[in-house]
Amino acid sequence: MFLSSPRSEILAYVATASQMQQIEAWLFGCGMPVAALMEKVGLRLSQRMQGLFPQQLFPRVGVLVGPGHNGGDALVVARELQQQGYQVRVFHPFTRRKELTGDHAYFATSLGIPFANHIQELQDSDWLIDGLFGLGLDRPLTDIALSTVQAVNIWNRPVVSIDLPSGLHTDSGEVLGGAIRASHTLCLGLWKVGLMQDHALAWTGELELLDFGLPIVAIESVLGQVPKLQRLTPQAIASHLPLERPPATHKYQQGHLLLVGGSKTYGGSIVLATLAAKSTGIGMLSVAVPARWQELVLHQAPDAIVIPCPETPEGAIAGFPPEMDLSAFDAIACGPGLTLFAEAVVRQVLSSDRPLILDADGLNILAQFNPVSSLSTRKAPTILTPHPGEFRRLFPGLMPANPNVETLSANITHPPGQDATALNRPIITPQAARQTGAIVLLKGARTVVATPDGRAWINGESTPGLARGGSGDVLTGLIGGLLGQIPPVEATLTAMGWHAQAGRLAAKHRSVLGVDARSLGDFLIPALMKLEGIGNRE
Ligand SMILES: NC(=O)C1=CN([C@@H]2O[C@H](COP(=O)(O)OP(=O)(O)OC[C@H]3O[C@@H](n4cnc5c(N)ncnc54)[C@H](O)[C@@H]3O)[C@@H](O)[C@H]2O)[C@H](O)CC1
Ligand SMILES: [K+]
């Protein structure tokens, strides 16, 4: 499920620093010489960097070398680039360094590669390589390390960071004192959790995974067969879209979704969700709205069955028509535009035995009940799709009430003395899923989906264009429409990826400012066609 070939499956894994160090230890323990691994990594790095910055156009390269093996990698690259005709200069302001790094420094010097005494000597480089720190960064940058990073960031030259931008914590993605603002980050072997955080986006530049052939047996010896944390790729989504259609079928075989939403104040969000649901090919679509919006929804979606509902004095849905039987539906999506006054229908859908997705005020109403007990009795799958504010209301223990400080959850290790100022989505989302027994999708620049059994997927590609009102309603419609047709985890992951790819396509054709929710909906089918193309190329 969401895993294609073994190698590409492995390369979707996301690892912590300690898991990477355990994998390395396994390799070295099985006889792989450290120097051989560094040589292999360095060669792959130098090949990729020559692709990014060809010698004819970018001949002068400055190489920042740290005290550990990140620095060692950089020195191997420096030597390889020199042999390819680059004018290489190294800045290595560390006398205490790991032995292998020292050996490479000695070898580079012997080859006549100049070592600068001051970082300023690298200022006229066409581009730079950041080999200061990687997995081993365990405290904030200070002194020469910090001043080097600060100097380089001011120059605004392209910087390729090895493994991680130096200064970024491998697991939390927090900036420790300072960090290189990279134009490219070549992440070694497996994705690092810290690079998958929203707040890391400002530092990583173009993120790429550099596969240097870590043996699958070494990875599985540490991470096991079932990946705990994976990055969701367009290829994985494409493998599920478009949904299968048997030659002989009819509308009742393609699922029946009930969408519940809208209020006197909000009529548009349920329309956005309705239009998005239609894009999934759902066989039948019923939409329960306050009676006042029946005409509006029918006008926008004449193929939907619109169910006019009585209103509360505040203009929210007071309840479903008495004859309505929720068990007639294959899935229910409840929340867009509900307002907090629609408690009765939220209670009703929660007590139904239908696969359910709760969004927006459906979540805020759930937060007023006890989410854990309300969901733990449900027999059918539940999907929650909070943004951070809704997540905080639902799971105050996992994320503090203070809207400005998003902190790491308690069990993530981060450097002593570091006030945890960053939210660690890949950690707290699975915790929320385990607490409630629900699938939890926590929205963000890197949205995370987690299942109650502890697995999690991070959306690998998105666009800031999606950060605007109505975008979530489109996602709810997509998840609901797919939930009526395929299993809940597939429906959630496919919708998340499809939604992001549609956003990227809309941004490409309408600029990042042009990804309003209505336009996003218009790009769902073109994005589907594009994903279909990727799927056919597999
Ligand atoms: N991922 C892989 O399989 C491979 C990774 N490689 C590279 O090795 C580094 C990790 O190397 P390591 O020596 O463990 O860590 P660093 O290079 O990051 O250096 C840590 C080094 O620096 C000291 N240190 C930590 N924090 C600070 C600080 N704030 N100021 C000063 N000094 C600091 C620490 O004491 C260590 O001595 C990985 O990123 C890859 O680039 C292998 O080459 C191949 C396999
Ligand atoms: K680095």
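Checking each residue of the stretch 155-162 against the condition of being modelled with pLDDT under 95, open to solvent by 30 Å² or more (accessible area, probe 1.4 Å), more than 10 Å from ligand 1 (Cβ to nearest atom) and within 30 Å of Glu24 (Cα to Cα) gives no match. Residues that are closer than 20 Å to Gln22 by Cβ, touching a Ser or Thr at 6+ places or on another chain (Cβ under 8 Å) and within 16 Å of ligand 2 (Cβ to nearest atom) do occur in the stretch 171-180, at least one of them. Right, Ser125: in a loop (DSSP other than H, G, I, E, B) and out of contact with any Leu (no Cβ under 7 Å at 6 or more places or on another chain) or not? Judged against the criteria, Ser125 is a match. Assess whether Gly42 counts as being in contact with a Ser or Thr (Cβ under 9 Å, 6 or more places away or on another chain), open to solvent by less than 10 Å² (accessible area, probe 1.4 Å) and at pLDDT 95 or above. Spelling it out, it is not the case that Gly42 is in contact with a Ser or Thr (Cβ under 9 Å, 6 or more places away or on another chain), open to solvent by less than 10 Å² (accessible area, probe 1.4 Å) and at pLDDT 95 or above. Of everything in the stretch 165-178 that is touching a residue at least 60 places away in the same chain (Cβ under 8 Å) and within 11 Å of ligand 1 (Cβ to nearest atom), the residue that is nearest to Pro54 (Cα to Cα) is Ser166.
Could we say that Pro302 is closer than 26 Å to Ser519 by Cβ and over 35 Å from the mean Cα position of the chain (by Cα) here? Let's see the steps before the verdict.
Details: closer than 26 Å to Ser519 by Cβ: yes; over 35 Å from the mean Cα position of the chain (by Cα): yes.
It is true that Pro302 is closer than 26 Å to Ser519 by Cβ and over 35 Å from the mean Cα position of the chain (by Cα).
Is one or more of the residues making up the stretch 102-112 open to solvent by less than 60 Å² (accessible area, probe 1.4 Å) and within 16 Å of ligand 2 (Cβ to nearest atom)? Steps first, please.
Initial filter on the stretch 102-112 (open to solvent by less than 60 Å² (accessible area, probe 1.4 Å)): 102, 104-105, 108, 112.
Now drop any that are not within 16 Å of ligand 2 (Cβ to nearest atom), which leaves 104.
Yes, the stretch 102-112 contains a residue that is open to solvent by less than 60 Å² (accessible area, probe 1.4 Å) and within 16 Å of ligand 2 (Cβ to nearest atom).
Selection within the stretch 298-314: residues that are farther than 15 Å from Met284 by Cα and not in a loop (DSSP other than H, G, I, E, B). The member of this set that is most open to solvent (accessible area, probe 1.4 Å) is His299. Considering Pro67, Pro33, the condition of being within 19 Å of Phe133 (Cβ to Cβ) and either within 16 Å of ligand 1 (Cβ to nearest atom) or open to solvent by less than 50 Å² (accessible area, probe 1.4 Å) (or both) is satisfied by Pro67 alone.
Which residues, taken from the stretch 136-154, are open to solvent by less than 20 Å² (accessible area, probe 1.4 Å) and more than 11 Å from ligand 1 (Cβ to nearest atom)? Show your work before the answer.
So the first thing to find is which residues in the stretch 136-154 are open to solvent by less than 20 Å² (accessible area, probe 1.4 Å), and the list is 137, 141, 145, 148-149, 151-152.
Once the filter is applied, which keeps residues that are open to solvent by less than 20 Å² (accessible area, probe 1.4 Å) and more than 11 Å from ligand 1 (Cβ to nearest atom), the stretch 136-154 yields Ala151, Val152.
The values are calculated or read from the model by the stated rules, or taken from the named source; none is laboratory data. The structure displayed is predicted, hence computed values, not measured ones. Neighbour counts run over all protein chains shown; Cβ positions are idealised from the backbone, glycine included. For the accessible areas, the whole protein counts, side chains as well, though only heavy atoms, and no ligand, DNA or RNA atoms are used. Shrake-Rupley method; radii C 1.70, N 1.55, O 1.52, S 1.80 Å.
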